[in-house]
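> One structure, as structure tokens, below. Some questions next.
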Amino acid sequence: MGLGILASRTIRPASRLLQSQRSNFFLRTIVSKPELQSPESAAVSEPEPPTQILPPRNPIGGARVHFSNPEDAIEVFVDGYAVKVPKGFTVLQACEVAGVDIPRFCYHSRLSIAGNCRMCLVEVEKSPKPVASCAMPALPGMKIKTDTPIAKKAREGVMEFLLMNHPLDCPICDQGGECDLQDQSMAFGSDRGRFTEMKRSVVDKNLGPLVKTVMTRCIQCTRCVRFASEVAGVQDLGMLGRGSGEEIGTYVEKLMTSELSGNVIDICPVGALTSKPFAFKARNWELKATETIDVSDAVGSNIRVDSRGPEVMRIIPRLNEDINEEWISDKTRFCYDGLKRQRLSDPMIRDSDGRFKAVSWRDALAVVGDVIHQVKPDEIVGVAGQLSDAESMMVLKDFVNRMGSDNVWCEGTAVGVDADLRYSYLMNTSISGLENADLFLLVGTQPRVEAAMVNARICKTVRASNAKVGYVGPPAEFNYDCKHLGTGPDTLKEIAEGRHPFCTALKNAKNPAIIVGAGLFNRTDKNAILSSVESIAQANNVVRPDWNGLNFLLLYAAQAAALDLGLIQQSAKALESAKFVYLMGADDVDVDKIPKDAFVVYQGHHGDKAVYRANVILPASAFTEKEGTYENTEGFTQQTVPAVPTVGDARDDWKIVRALSEISGVKLPYNSIEGVRSRIKNVAPNLVNTDEREPAAFGPTLKPECKETMSTTPFQPAVENFYMTNSITRASKIMAQCSAVLLKK
Amino acid sequence: MAAPFTLRKIGVPPNSANLTEARRRVFDFFRAACRSIPTIMDIYNLQDVVAPSQLRFAISAQIRNNAHITDPKVIDLLLFKGMEELTDIVDHAKQRHHIIGQYVVGEGLVQNTGNKDQGRTDFLKNFYTSNYF
């Protein structure tokens, strides 16, 4: 039997055919009928696709959904996926919640909707043409389709139109590598173009030394126009002309003098507005990004430092909803080139002929250790600077205290400022809480130059809810409607006694916020002024369990941490009778007050004003080179991260003081940063909890009555030149250009 | 480039039986090294830089550094390495700046810094070296 089958397999091909035909009896022939050929029947007979369990989708693009009214949630379908959104959401926001990223150029989540780029077109069922998802509100039951051929064709078409008049500048454009147009044309554009005519070009506008404009590249998305008018509060930019002749510019030959002007660089999706100092310096893929904190003012904006090797190339904002949203001030953004000039890199001792000589650390510390023992404890003074981090201030205070002296304070805290109650030097409504205020009373503070991010928040509140702003102080410029109530303490007295017309507005406000500037701490009648402010607060129900509207706006990044750690000035004559002065980055100290025979040690990173009086220079690291804890004016603790290595032979501040303590014989009990932090935890535990805000525990009720009287001298501005406030900005060429060109005379 | 006749005789065989023999070998090595000092000074032109007594002191200091070791095998290994180094130097495989930097008494040598850093903690020693520790 088996052999027979085998034999049958070996027969010749012709007979195999006969064999196979015979065996076909058992195979069914495939026969096609005309009904089966038509498409409709195919559709009918196709079985229903089983209801798939779609994978869960997460919101993308950092979108967060907040249901203020849970009953008002509506359900829409994005690509077949059902998603619940609050009532006022647009189609684009609904798609973001559903995890679909829709391309866009003119839409920005923090600006008003323009709807002029048409890149966000999606197909909505039952709609004759694709809709601009950024502008169309999402209606219940809407079926949104983002990946249909119509939507794709729309995107390709928009891309083609945008690229028609766009110059072929990619190789020389700074935005290459991080350009929205490049990314979206790769993702959504067609592969070939059909444009054979001449492209139009536009003349460049001069917006100042910070923003470089190549207006030919502009795609007229109007993001910069909306930013300038809404967030910055200055109506500098506008769209001139119509159709293809549209140009963005300031109609008059005006520079962008706003302190937030650098943010248009981030906002512009193409390379039309770029950073002038960063022009042609680096491509974004060669830069290493480090997320850190800014210290040029007391706000502590979150930044990202882009560095290439040992050099900081640029500074970009980071998102932090509570403090700076997505913006940073110009000073923060462009002060980085001051980190390359006037840097102290070696320890130096002043020779007998008055010139500095570079020595080794051993010798420098030995000299300082010798001198400090020849001085009486009361004559030792330590001053921490504006940019000092909490660790170095803690070690300085410990060292000076161990040497027997109590004279250690931070710049900006004059005599008599007491740090017992934290509410008296913090912004008690947090910066994000200022959005809920409906009345602002600014006392002796110009937030525009002191803390640009706080000013942006006030501007946002005024714009959103028409909050009233009253200002007491020297005449200043504001980018929102502000009533100038007066210039000095007299106005405060009037308000406190209820005689001023502003008092009615104060009484009617539901959430009033009083912001007092820290420049007032330097006045002799400070206690009287503060007690008058507190009486205003009390009379108008400003401090309540659910709302604390009494705020103090600090000037320097180190002030809040210094006051938390207890670095306060006890006696006014400490500096005048000092024989040994240790300046840790303190440049605003009045150098003339230091006696001629005092031995001054300057520890810092820039050769600024105080260096010229110093006898010994100890080089320290700047904020981009060290890991330090900073507390901002609302009590939010943050840490800087080192982005670049230290310059030359510089060391971290706290390490220098700790080494000095060992050389001087009063060795401090910690020798690592964790040790310093555990010491800080003993003193001010909120400084160890990074990325957390510690509100003040007690209110003004605990303060005793103040018997002093106010003087009549009007308030002085605390910041003369916005662009040059600390040693880094004073060494920066860009800041010098800005202050020469952009300051209002 | 030939090693001098004296050195060829004293190659270090791998095993010393006990500490005494290892000690003997150490002294033989020291003697060989001191006898090659004039050659070294000639090769590298160290006549104005250093005196032979200083070089002898440097060699003896390096040997004294390991004076606390008692294991003959370890001593053998150290001797082997010392012999290797000596052969390199005598063969002119090194250069003048190597000799000056490593053996002429200067800043970083053990003799000089010993008394400065004795009482110092690790923190201070690291602090003087660099910022990152």
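> Residues with amide H under 5 Å of A:Gly262's amide H, sequence separation 5 or more or different chain, H placed in the peptide plane at 1.01 Å from N; which?
It is A:Asp330, by chain and number.
> If r is the Cβ-Cβ distance from A:Val371 to A:Asn58 and R0 is 56 Å, what FRET efficiency results, to the nearest 0.05?
Once rounded, the FRET efficiency stands at 0.35.
> In whole Hz, with x marking every Gly and Pro, tabulate ³J(HN,Hα) for the stretch A:147-157 from phi via Karplus 6.51 cos²θ - 1.76 cosθ + 1.60, θ = phi - 60°.
Each residue of the stretch A:147-157 in turn: 10, 7, x, 5, 5, 5, 5, 4, 5, 4, x Hz.
> With all protein chains present and a 1.4 Å probe, how do A:Lys340, A:Lys681, A:Lys579 order by accessible area, largest first?
Order by accessible area, largest first: A:Lys681, A:Lys340, A:Lys579.
> Which shape class applies to the stretch A:498-626: rounded if a/c is under 1.5, otherwise prolate when a/b exceeds b/c and oblate if not, where a ≥ b ≥ c are the square roots of the Cα gyration tensor eigenvalues?
Prolate, because a/c is 1.5 or more and a/b exceeds b/c.
> In nm, what is the difference between 0.36 nm times the number of residues separating A:Lys33 and A:Lys483 and their Cα-Cα distance?
Net length gain for the segment: 153.3 nm.
> Could you work out the relative contact order of chain A, using alpha carbon pairs under 8 angstrom and six or more residues apart, expressed as a whole percent?
Computed over chain A, the figure is 13 percent.
> Report the percentage of all Cα-Cα pairs in the stretch A:242-390 whose separation exceeds 23 Å, rounded to a whole percent.
Tail fraction, whole percent: 57.
> Next question. Where a ≥ b ≥ c are the square roots of the eigenvalues of the C-alpha gyration tensor, would you call the stretch A:341-415 rounded, which needs a/c under 1.5, or, failing that, prolate if a/b is larger than b/c, or oblate?
Because a/c hits 1.5 or more and a/b fails to exceed b/c, the stretch A:341-415 counts as oblate.
> If you count only protein heavy atoms and use a 1.4 Å probe, how large is the accessible surface of A:Glu720, to the nearest 10 Å²?
Rounded to the nearest 10, the figure is 150 Å².
> Hey, another quick one. If you take every residue apart from B:Asp88 with its C-beta less than 11 Å away from the C-beta of B:Asp88, what net charge results, scoring Lys and Arg +1 and Asp and Glu -1?
Local charge sum for B:Asp88: -1.
> While we're looking at this one, here's another question. Summing -39500 (n - 2.57) over the DSSP H runs of n ≥ 4 in chain A and dividing by its residue number, what mean residue ellipticity at 222 nm do you reach, to the nearest 500 deg cm²/dmol?
Estimated from H runs of four or more residues: -7500 deg cm²/dmol.
> So, one more: When only the heavy atoms of the protein chains count and the probe is 1.4 Å, how do A:Phe67, B:Phe57, A:Phe280, B:Phe127 rank by accessible area, highest first?
The ranking, largest first, comes out as A:Phe280, B:Phe57, A:Phe67, B:Phe127.
> OK, next. Each residue of the stretch A:612-618 in turn: what ³J(HN,Hα) in whole Hz from Karplus with 6.51, -1.76, 1.60 and θ = phi - 60°, glycine and Pro shown as x?
Rounded to whole hertz, the list is 5, 9, 6, 9, 10, 10, 10.
> Dipole of the stretch A:263-416 (Lys/Arg Cβ +1, Asp/Glu Cβ -1, origin at the Cα centre): which of A:Pro310, A:Trp361, A:Ile372 lies farthest to the positive side?
Towards the positive end, the residue furthest out is A:Pro310.
> Let me ask something else about it. On average, how much area does the Cα convex hull of chain A cover when viewed from any direction, in nm²?
Dividing the Cα hull surface by four gives the mean projection, 51.3 nm².
> While we're looking at this one, here's another question. Just add up the charged neighbours of A:Glu450: K/R +1, D/E -1, any other residue whose Cβ is under 12 Å from the Cβ of A:Glu450.
-1
> Pop a pseudo-label 7 angstrom from the Cα along the beta-carbon direction at both A:Lys609 and B:Val104 and give the gap in nm to one decimal.
Spacing of the two 7 Å Cα→Cβ label points: 5.0 nm.
> Also, quick follow-up: Using a cut-off of 12 Å between beta-carbons, work out the net charge of the residues near A:Val375 (Lys and Arg +1, Asp and Glu -1, A:Val375 not included).
-2
> If packing is taken as the average number of other Cβ atoms within 10 Å across a peptide's residues, how do A:122-130, B:83-91 rank, most packed first?
With the highest mean Cβ count within 10 Å placed first, the list reads B:83-91, A:122-130.
> Given H placed on each backbone N at 1.01 Å, which residues far from A:Gly416 in sequence or on other chains put an amide H within less than 5 Å of it?
Here A:Gln569 satisfy the definition.
> Put a dot 7 Å past each Cα toward the Cβ at A:Asn206 and B:Leu19; how far apart are the dots in nm?
8.8 nm
> Given H placed on each backbone N at 1.01 Å, which residues far from A:Val543 in sequence or on other chains put an amide H within less than 5 Å of it?
When sequence neighbours closer than 5 places are left aside, the close amide H contacts are A:Gly549.
> Also, I was wondering about something else. Would you mind calculating the relative contact order of the stretch A:488-630 from Cα pairs under 8 angstrom and at least 6 residues apart, reporting the percent as a whole number?
Normalised by residue count, the contact order of the stretch A:488-630 is 16 percent.
> Give the separation of the Cα centroids, the stretch A:419-450 to the stretch B:24-76, in Å.
Answer, in whole Å: 74.
> Which pairs in the list A:Lys276/A:Lys681; A:Lys276/A:Lys609; A:Lys331/A:Lys507; A:Lys507/A:Lys744; A:Lys626/A:Lys733; A:Lys276/A:Lys526 are over 32 Å apart, alpha-carbon to alpha-carbon?
From the list (A:Lys276/A:Lys681; A:Lys276/A:Lys609; A:Lys331/A:Lys507; A:Lys507/A:Lys744; A:Lys626/A:Lys733; A:Lys276/A:Lys526), the Cα-Cα distance tops 32 Å for A:Lys276/A:Lys681; A:Lys331/A:Lys507; A:Lys507/A:Lys744; A:Lys276/A:Lys526.
> How do A:Thr487, A:Thr461 stack up against each other in accessible area, from largest to smallest, with a 1.4 angstrom probe?
A:Thr487, A:Thr461
> Check cross-link reach from B:Lys81 to the lysines: straight Cα distance under 17 Å, and skip same-chain residues fewer than eight apart.
Cross-link targets: B:Lys9, B:Lys73, B:Lys94.
> Sticking with this one: What FRET efficiency, computed as 1/(1 + (r/R0)^6) with R0 = 30 Å and r the Cβ-Cβ distance, is obtained for A:Lys744 and A:Thr713, rounded to the nearest 0.05?
Here the calculated transfer efficiency is 0.80.
> Under a plain spin-label model, where a point goes 7 Å from the Cα along Cα-to-Cβ, how far apart in nm are A:Arg192 and A:Asp322?
5.6 nm
> Relative contact order of the stretch A:626-714, please, whole-number percent, based on alpha carbon pairs below 8 angstrom and at least 6 residues apart.
After rounding, I find 32 percent.
> Does the stretch A:594-745 classify as rounded, prolate or oblate by the C-alpha gyration tensor (a ≥ b ≥ c root eigenvalues; a/c under 1.5 gives rounded; else a/b over b/c gives prolate, otherwise oblate)?
Rounded, because the longest to shortest axis ratio a/c is under 1.5.
> I would also like to ask the following. Please compute the average number of Cβ atoms from other chains found within 10 Å of each residue's Cβ in peptide A:361-367.
If you average over the peptide's residues, the count of other-chain Cβ atoms is 2.
> Hey, got the average number of other protein chain Cβ atoms within 10 angstrom for residues in B:124-133?
Across B:124-133, the average partner-chain Cβ count within 10 Å equals 6.
> How much FRET efficiency would the formula 1/(1 + (r/R0)^6) give for A:Arg355 and A:Tyr81, where r is the Cβ-Cβ distance and R0 is 60 Å, rounded to 0.05?
Efficiency computed from Cβ-Cβ geometry: 0.20.
> Please report, in debye to the nearest 20, how large the charge dipole of the protein assembly as shown is about its Cα centre when each Lys and Arg carries +1 at its beta carbon and each Asp and Glu carries -1 there.
Charge dipole, the protein assembly as shown, about its Cα centre: 2380 debye, nearest 20.
The values are calculated or read from the model by the stated rules, or taken from the named source; none is laboratory data. Since the model is a prediction, treat every value here as computed from it, not as a measurement. Cβ atoms come from the backbone with ideal geometry, glycine included; neighbour counts cover every protein chain shown. Ligands, DNA and RNA are excluded from the accessible area calculation, which covers all protein heavy atoms including side chains. Shrake-Rupley method; radii C 1.70, N 1.55, O 1.52, S 1.80 Å.
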